[in-house]
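Rule-based calculations on the coordinates, nothing more; no lab input. Source: prediction; values computed, not measured. Don't worry about glycine lacking a Cβ; one is built from the backbone with ideal geometry, like all the others, and counts go over all protein chains shown.
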Amino acid sequence: MKEAMFYEKLDRMKVQCHLCPNECIILHGKRGSCRVRENRAGTLYSLVYGLPCTAGVDPIEKKPLFHFLPGTKAYSIATPGCNLHCKWCQNWQISQRGPEDVDCFEMSPQEVVDNALKAGCKTIAYTYVEPAIFYEYVLDTAKLAKKAGLKNIMVTNGYINQKPLKELYKYIDACNVDLKGFTEEFYVKYCQGHLKPILDMIKTVKKMGVWVELTTLIIPDLNDDSATIKKQCDWIVKELGPDVPLHLSRFFPYYQLAHLPPTPPETLKAAYDIAKGTGLNHVYVGNMKLDNTEDTFCPKCRKKLIDRSAFFTVNSIKVHDGRCGFCNAKIAGVFSEKAKPAVKREVKSKTKKK
């Protein structure tokens, strides 16, 4: 165990966790909503420090990150637990359980870094569950990774308070934020969370210079209406700029939403067209094959720059020093280990009217 960061001692041995917007008040012997932060006699502990339940090598495209060191591999780790409770979670066997219910193993922050280097990875990805719930483990690992020349990636639901966010993301190079929907009602009913803190998180890390990509799972009848999708994409263009990649993923029946059908291909195609119509330059479709929607194209000359195929395979990359290999236009992203996020322009005009 390791004493947790970002909590407040209250009377009668109670504590209040300030790590995420849940702001859990935890009695002695009890845990927060995430299941992995426990109050013991007025001291809050992380129960999963140095105890991942999974670790391995992934293509970085699996995160998904398409504009951050494409074609490289990431060393991915996760512990049990999560601070949201999404009804479709694909990793519910670990995200919705405590550490005593999952097979965990010891791996210190230094061992994570050593394993990543031995595997030839360029990055360490904190992923599969919400990595903020193993905050101290991520922070210590990320600091060591930086010293070793590795990049750090968060695959996150974005549900974290601003103070811990700003402390951690000084060491984070890229993130994919799972923007699950774009209404408060959706987040409350299906995730047991709130939308605004996530939007605030995305804007904050973007301003910090972290490379940001977004993913939205399109779920039939829950978050697939065209007006909401357009509103989300308009927000991205206005608040983040048109070069932030958006990944639209196909839903498959799972967990507590096993009664719903898979997302129809025409729904994903319509969402893709809406997103492109709002001015987003890089929109991708995941979990199904839709022609050219996994490839990267130059926004200026429209030629294919990164050719991708099944199983996150990158066949060719025609981006050189962050520029289009055909017309030399600047391409948003990080395409070399020493590069910083390159964004050609920010949108200052008002959101387009429908």
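Quick notes
- For chymotrypsin sites (Phe, Trp or Tyr not before Pro), the sites in the stretch 258-329 that DSSP calls loop and that have at most 10 other Cβ atoms within 10 Å are 311.
- For 111, 106, the sequence from fewest to most other C-beta atoms within 10 Å is 106, 111.
- Antiparallel DSSP beta bridges within the chain, percent to nearest 5: 50
- In degrees, nearest ten, helix 135-147 long axis to first principal axis of the chain (Cα): 60
- Straight-distance crosslink candidates among aspartates and glutamates, where the alpha carbon sits under 12 Å from residue 73 and sequence neighbours closer than 8 are dropped: 58, 61
- With contacts taken as Cα pairs under 8 Å at a separation of at least 6 residues, the stretch 2-46 carries a relative contact order of 37 percent.
- Only DSSP H runs of four or more residues enter the estimate; each adds -39500 (n - 2.57), and after division by the residues of the chain the mean residue ellipticity at 222 nm equals -6500 deg cm²/dmol.
- Report note on the peptides 254-260, 1-7, 69-75: ranked by the mean count of other C-beta atoms within 10 Å, highest first, their order is 69-75, 1-7, 254-260.
- Between residue 276 and residue 289, residue separation times 0.36 nm minus the direct Cα-Cα distance comes to 2.9 nm.
- Cα-projected label distance for residue 114 with residue 185, points at 7 Å along beta-carbon direction, nm: 5.4
- Residues whose placed amide H lies under 5 Å from that of residue 44, excluding near-sequence neighbours: 4
- With each label modelled as a point 7 angstrom along the Cα→C-beta vector, the residue 313-residue 28 pair spans 6.1 nm.
- Greater than 30 Å apart at Cα, pairs in 30/206; 143/304; 62/143; 63/304; 30/151: 30/206; 143/304; 30/151
- Global form of the stretch 2-46, assessed from the alpha-carbon gyration tensor, a/c cut-off 1.5: rounded
- Helix axis angle, 226-239 relative to the chain longest principal axis, alpha carbon, degrees: 90
- Placing R0 at 41 angstrom, the Cβ-Cβ distance between residue 148 and residue 11 gives a FRET efficiency of 0.40 after rounding to 0.05.
- Which of 57, 237 has the fewest Cβ neighbours within 10 Å, and the rest in rising order: 57, 237
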